[in-house]
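The values are calculated or read from the model by the stated rules, or taken from the named source; none is laboratory data. If you're wondering where the values come from, they're calculated on a predicted model, not measured in any experiment. A quick note on method: Cβ atoms are made from the backbone with ideal geometry, for glycine too, and the neighbour counts reach across all protein chains shown.
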Amino acid sequence: MNNKTLIGGAIALGIIVLILIVCFWVGKKINDTIRGTDTTTVNEPTGQPQNAPSLPQNAEQAQKVYLALGNPSNASTSDPNNYMLVNNYMVISYSRDRGIPNWVAWRVTKADLGQLDREDSFRPDDRLPKGWTRITPTDYTGSGFDRGHVCPNADRYSSREAADSTFVMTNMTPQTGDLNRGPWQKLESYLRSLVTRGNDVYIYAGVYGEKGKIKKKVTIPTNSWKIAVAVPSGSDILSANEKTRVIAVDMPNVKGILNADWYSYRTTVNQIEQNTGYKFFSTLPPNVQNALKSKADNVTN
């Protein structure tokens, strides 16, 4: 075999290897695009985006941040049916007798978002006082209801610890699959889009009503509600004014609404107060409170 033949063979082999590498890379990109962000490879952010507020570093800071607009039910650690649970990622008002949260409060900034594989780690909340019944993931088995996140998993993709914090059962309520995977999920995605467009979003969400119990332990609510306040990234939420955008929704926990748009359930904060007995925005001036609670959002983009 002469030198020309050897050189030609080496070149041909090199071209084949290069083609295989390019095909593998293109195929991976196409596959990632098809699968979407819920199943992408872990890619945790290495730092906070410019102008993003700092993440709370302890429970005291978390309570100050997430309840900046007030404690709507005056939750505390002295009332078992309005029991406050706090970590770095959310504040929960939990009902021992109902086995579900009354409401959950959190904030979403660009620093909270990222790309992680979803890893379902549903588990009892060991923070509950000794002697209390702890709801387990299997308590929902066979009920026909989803374990519906109140604070969504994808709102806490800054780290694996943050994402896992959303899987405690004190952050779950029984939701129909049509609600959980329909307008409720659509609103969650929409609020994250507001964050990527330069806003911080402060959220209260919860449930009310009762239409039975699962295994005589977990109350099935009639409705899920959410209130979201959007302010420019890095802004002091207490500087909110009459023109600040507020989105309030009240959704029925029923079948048949999978394809419904989230905005068809918009209402006013005043109406949610009437339905729940809670008081929102108590830290804002009275004129701002009244303006924000009385208007229904009408923006669709």
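The residue that is surrounded by the fewest Cβ atoms within 10 Å (Cβ to Cβ), counting only those in the stretch 267-301 that are more than 15 Å from G70 (Cα to Cα) and among the hydroxyl-bearing types (S, T, Y), is T300.
Among the residues of the stretch 222-242, those identified as touching a residue at least 12 places away in the same chain (Cβ under 8 Å), in a loop (DSSP other than H, G, I, E, B) and either among the hydrophobic types (A, V, I, L, M, F, W, C) or over 21 Å from G206 (Cα atoms) (or both) are S233, G234, S235, A240, N241, E242. When S264, S239 are checked against the criterion of being within 17 Å of L67 (Cα to Cα) and among the polar types (S, T, N, Q), S239 stands alone in meeting it.
Within this structure, D250 passes the test of being in a strand (DSSP E or B) and without any contact (Cβ under 8 Å) to a residue 40 or more places away in the chain. Per the conditions (1) closer than 17 Å to A105 by Cβ; (2) aliphatic (A, V, I, L, M); (3) outside any helix (DSSP H, G or I); (4) under 21 Å from the mean Cα position of the chain (by Cα), the sole criterion not satisfied by I272 is (3).
Of all the criteria given as (1) β-branched (V, I, T); (2) part of a helix (DSSP H, G or I); (3) touching a residue at least 12 places away in the same chain (Cβ under 8 Å), the one not satisfied by T133 is (2).
What do you reckon, is G99 surrounded by 17 or more Cβ atoms within 10 Å (Cβ to Cβ) and either at pLDDT 95 or above or among the charged types (D, E, K, R) (or both)? Yes, satisfied. Among the residues of the stretch 153-207, those identified as charged (D, E, K, R), out of contact with any Leu (no Cβ under 7 Å at 6 or more places or on another chain) and either surrounded by 22 or more Cβ atoms within 10 Å (Cβ to Cβ) or within 27 Å of T244 (Cβ to Cβ) (or both) are D155, R156, K186, E188, R197, D200.
Checking each residue in the stretch 115-130 for being closer than 20 Å to S189 by Cβ and either part of a loop (DSSP other than H, G, I, E, B) or at pLDDT 95 or above (or both) picks out L116, D117, R118, E119, D120. Taking every residue in the stretch 57-71 that is in the same structural domain as W106 (by TED's automatic domain parsing) and pairing it with any residue that is part of a loop (DSSP other than H, G, I, E, B), at least 6 positions away or on another chain, the pairs with Cβ-Cβ distances below 6 Å are A62/P56; A62/N88; V65/P56; L69/F281; L69/T283; G70/S282; G70/T283. Among the candidates I220, I272, I227, I214, the residue that is over 26 Å from R156 (Cα atoms) and among the hydrophobic types (A, V, I, L, M, F, W, C) is uniquely I214.
With respect to (1) of a type outside the set (A, V, I, L, M, F, W, C); (2) in contact with a strand residue (DSSP E or B) (Cβ under 8 Å, 6 or more places away or on another chain); (3) surrounded by fewer than 19 Cβ atoms within 10 Å (Cβ to Cβ); (4) at pLDDT below 95, the lone exception for K213 is condition (4). Across the stretch 185-212, the number of residues qualifying as over 15 Å from N102 (Cα atoms) and part of a strand (DSSP E or B) comes to 4.
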